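Working notes, beginning with the structure itself.
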Amino acid sequence: MRAPNRYAQIIERIFLRHYQPGLREVEFSRSEIEQVADELGIKLPKNIGDIVYSFRYRTELPETIRQVLKDSETWVIHPAGRSRYRFAIVTEQRLTPATRLAETKVPDATPGIVALYAQSDEQALLAKLRYNRLIDIFTGVTCYSLQNHMRTTVPGLGQVETDEVYIGLDRRGAHYVFPIQAKGGKDRLSIVQIEQDFALCRHKFPRLICRPIAAQFIAPDLIALFDFEQGEGGLVVASEKHYRLVAPEALSAGDLDTYRARPL
């Protein structure tokens, strides 16, 4: 069996410091990452926060942490105040694009030079959303990018971050805020991130209509978009659409007839 990598060794040691059988929440502080790394003789990355980020969105927690779970349960890591985090057991809530959902072709307006020099899957996805006005198309609202990587401190949660924030205006004159979570490559969408986006909206934009959106690459030219609402049982997916970016000549008269027949 391959030895755990340095991130796994650190997070495992921190978890086992605090966990007792039966606990469903376990808190720890950011400073413990440095303490444990020193104990284990592990060199930390320049961005210490990447250790927590990795297990929140990219990588499974070590087996020693997962083995206490029941079927359909998973550990998530929440912010728990300034420089503090909390392991919590929840029902599995990862978001995965549907496999048999109708696609909508959109003529790709991404400038070639932008596509050429995009530095990461996340940045490439955000660029494609922006240049192709996919947030406007998906929501039916005129939208404008306000800020990339908005980071703020939310009371009761600590520091939260969303990948991009759009502000929107509909035909009534109502104003919207659309926090965007964009994921490509190995990163995974999580309901936890969407819950944090709702909290960010309540704190920073209390008078705007909040509609968090998640975006995921299915393929380099195929993008899944989700939006959410608060249901009686908690957060639910309100809608999911798939958009395929194509050359203009790939959009046929038959495609247009199909789209015209769809309900608004």
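Taken together, the values in this text are just the output of simple stated rules run on the coordinates, not laboratory data. Computed from a prediction, not measured in an experiment: that's the story for all the values here. Ideal geometry is used to build each Cβ from the backbone, glycine not excepted, and the neighbour counts take in all protein chains shown.
For the range 103-261, taking Cα atoms only, what is the radius of gyration to one decimal and the Dmax to the nearest whole Å?
When restricted to the Cα atoms of the range 103-261, Rg and Dmax are 16.0, 53 Å.
Past the 19 Å Cα-Cα mark, which pairs from Lys204/Lys241; Lys128/Lys183; Lys128/Lys241; Lys183/Lys241; Lys105/Lys241? Write out the running numbers ahead of the final one.
Working: Lys204/Lys241 28 Å; Lys128/Lys183 12 Å; Lys128/Lys241 15 Å; Lys183/Lys241 15 Å; Lys105/Lys241 11 Å.
Beyond 19 Å between Cα atoms: Lys204/Lys241.
At a 10 angstrom cut-off on C-beta neighbours, averaged per residue, how do the peptides 66-73, 236-243 rank from highest to lowest?
Going from most to least packed, we get 236-243, 66-73.
For the range 136-203, what does the alpha-carbon gyration tensor say about shape, rounded, prolate or oblate, given a ≥ b ≥ c as the root eigenvalues, a/c under 1.5 as rounded, and a/b over b/c as prolate?
Oblate is the answer for the range 136-203, as a/c is 1.5 or above yet b/c matches or exceeds a/b.
Sort Leu235, Leu129 so that the residue with the fewest other Cβ atoms within 10 Å of its own Cβ comes first and the one with the most comes last.
Details: Leu235 16, Leu129 27.
If I rank by nearby Cβ atoms, fewest first, I get Leu235, Leu129.
Rounded to the nearest 0.05, what FRET efficiency do Leu235 and Lys43 give with R0 = 30 Å and r taken as the Cβ-Cβ distance? Could you check?
Numbers: r = 38 Å, r/R0 = 1.28.
FRET efficiency, Leu235 to Lys43: 0.20.
Which number do you get for Rg(Cα) / (2.2 N^0.38 Å) in the range 215-264?
Working: Rg = 14.7 Å, N = 50, 2.2 N^0.38 = 9.7 Å.
Dividing the Cα radius of gyration by 2.2 N^0.38 Å gives 1.51.
FRET efficiency for Arg17 and Asn148, Cβ-Cβ distance as r, R0 = 41 Å, nearest 0.05?
Here the calculated transfer efficiency is 0.70.
What per residue convex hull volume, in Å³, do the alpha-carbon atoms of the range 11-165 yield?
Taking only Cα atoms, the range 11-165 has a hull volume of 173 Å³ per residue.
Output the peptides 8-14, 22-28, 84-90 sorted from most to least packed, where packing is the average of other Cβ atoms within 10 Å over each peptide's residues.
Order by mean packing, descending: 8-14, 84-90, 22-28.
Roughly what % antiparallel, to the nearest 5, for the DSSP beta bridges in the chain?
Here the share of antiparallel DSSP bridges comes out near 80 percent.
What's the long-distance tail for the range 6-92, i.e. % of Cα pairs beyond 23 Å? The partial results should precede the final answer.
Details: 578 of 3741 pairs.
That tail contains 15 percent of the Cα-Cα pairs.
Listed highest first by mean packing, meaning other Cβ atoms within 10 Å per residue, what order do 162-168, 245-251 come in?
162-168, 245-251
Can you put Thr91, Thr74 in order of Cβ neighbours within 10 angstrom, beginning with the fewest? Display every interim value, and only then the final one.
Numbers: Thr91 11, Thr74 16.
Neighbour counts put them in this order, fewest first: Thr91, Thr74.
Write out the cysteines belonging to the chain for which the nearest other cysteine Cβ is not under 4.7 Å, or none if no such cysteine exists.
Cys143, each lacking another Cys Cβ under 4.7 Å.
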